[in-house]
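Values in this text are rule-based calculations from the coordinates and carry no lab data. Computed from a prediction, not measured in an experiment: that's the story for all the values here. Cβ: placed from backbone, ideal geometry, glycine included. Neighbour counts: every protein chain shown.
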Amino acid sequence: MTPNEYDYLRGYLKQQSGLVLTAEKQYLIESRLLPVARKAGLASISALVAKMKEPGQSRICEAVVEAMTTNESFFFRDKTPFEHFVDTMLPKMLEARARERRLRIWCAAASTGQEPYSLAMCLKEAEAKLAGWRIEIIGTDLSNEVLDKARAGVYSQFEVQRGLPINHLLKYFTQNGDTWQISSTLRSMVQYRKLNLLENFSTLGQFDIVFCRNVLIYFDNPTKVDILGRISKMMPADGFLVLGAAETVVGLTDAFKPMTEKRGLYQLGGAAAAATPPRGLATGTLGTTAPTGAAGALRPAIAPRLSVVRP
Amino acid sequence: MKNCLVVDDSSVIRKVARRILEDLSFEIAEAEDGMKALEACRKGMPEAILLDWNMPVMDGLEFLAQLRREPGGEKPKVVFCTTENDVAHIAKAMRAGADEYIMKPFDREIVEAKFAEVGLI
């Protein structure tokens, strides 16, 4: 791959997905795109780049974006956000939405479904308090391939052992040979849609809780500010935003403010909060209109697999 | 530093588990079957036990049943680590008093996640 080809790929990925690759990430492009090239019958990444530049190659271009933005995820990743969900967000929302009994949650980088299903499991564990509530979980992502996997809810033995307590595996999954499928009840609690965070997502409606973890790290600062600003407009004043452990709004925007002693948890701040009433008082749409744009979010960062031990 | 007893009849598995757990700041002791593990526990209860199922002399399930009847035997967090990967075996282990369950093959991430799940990390 020549420097020119690398620059072309960097520019293309930035334009299509917002993914910002620094100069030293050439290895990442090679490891991710060589399989895409081979699958297309091409001998090298140089040949792949040449193909991308030909007219009518949208499928191969899409495969390149998907390959570069698809990363591993796992159940209850980082644990703390789910503890915040159960201990802080849910109790506050149960109180604040007691009259309407409705809650909308958005997983903006749903990947293969582990995050939205982890939230669904939290909700099932709390179902005694949620009788009569209508709770929607919307999972969005850039890649059709990962969304198909999320919808199927079928995971390998490795995947169900990363962060998922064994009692949850027994309770919510069915074994089928070497794979485990999440129960139809939990699958029915989550709706998946393809969505690109670079595009307009306001038609998704308002959300009380937004999980947008480990995706902003891939964007440059102006893009982060833009996305955070647009998310803030989709939330009521008492809504919650959850970012990844390596992400923050501090120094970027005052649309959100970090919650004291709740790492990774944010609420609308300053002008954004003043301009947005709590949802019960909002006049805007609460609807579930399908997104008009194609595309989606990036996925959580790579979790490197280390030594694999066979018996 | 917490201590962990690694119980497995495979010296390779014990070696790999030791490496992973030492990286996670555990002090490691080893036993190659349930009987030897029980003897080790009677001398001093570890905080954690990584336990294989199929072993000669005394298997993991029998060891767990006996351990939980020993004075102080309720204290160690027991994480099964076995090729028995079906629902029936997992349920049986949990009923017998296991705290978590790893299905082989495993890697560092899985061990770390399971130990964190039971509060050992």
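For this structure, a couple of remarks:
- The lysines within cross-link reach of A:K51, meaning a Cα-to-Cα straight distance under 22 Å and a gap of 8 or more places when in the same chain, are A:K14, A:K25, A:K39.
- Using the Cβ-Cβ distance between A:Q26 and A:A245 with R0 set to 22 Å, the FRET efficiency works out to roughly 0.25.
- Top of A:N167, A:N196, A:N144 by mean-square fluctuation, Gaussian network on chain A, Cα under 10 Å: A:N167
- Near A:N144, once Lys and Arg are set to +1 and Asp and Glu to -1 for all other residues with Cβ below 9 Å from its Cβ, the sum equals -4.
- Among the GluC sites (Glu not before Pro) in region B:39-92, those placed in a DSSP loop whose Cβ has at most 14 other Cβ atoms within 10 Å are B:E74.
- Lysine pair number, Cα distance threshold 19 Å (strictly under), region B:2-116, separation 8 or more or different chains: 19
- In this calculation the C-beta distance from A:I217 to B:M35 is compared with R0 = 60 Å, giving a FRET efficiency of 0.75.
- Fluctuation leader among A:A108, A:A152, A:A131 - chain A, Gaussian network, Cα springs under 10 angstrom: A:A131
- Taking the longest Cα principal axis of chain A as reference, the axis of helix A:58-69 is set at about 60 degrees.
- Highest-fluctuation residue, A:V210, A:V190, A:V86 considered, GNM on chain A with Cα pairs under 10 Å: A:V86
- Counting DSSP beta bridges with both ends in the protein assembly as shown, the antiparallel % (nearest 5): 30
- Take each residue of peptide B:16-24, count the partner chain Cβ atoms within 10 Å of its Cβ, and average: the result is 1.
- Expressed as a whole percent, the proportion of Cα-Cα pairs in region B:2-116 lying more than 24 Å apart is 13%.
- The order of B:F80, A:F219, going from fewest to most other C-beta atoms within 10 Å of their C-beta, is A:F219, B:F80.
- Computed over the protein assembly as shown, Cα set: Rg, Dmax in Å: 24.1, 75
- Proximal aspartates and glutamates to A:K53, defined as alpha-carbon separation beneath 20 angstrom and excluding residues fewer than eight positions away on the same chain: A:E5, A:D7, A:E30, A:E62, A:E66
- Those residues of region B:81-121 whose amide nitrogen sits under 14 Å from the label point placed on A:V86, 7 Å along Cα→Cβ: B:117-119
- For region A:80-281, lysine pairs with C-alpha atoms less than 25 angstrom apart, excluding pairs fewer than eight positions apart on the same chain, total 19.
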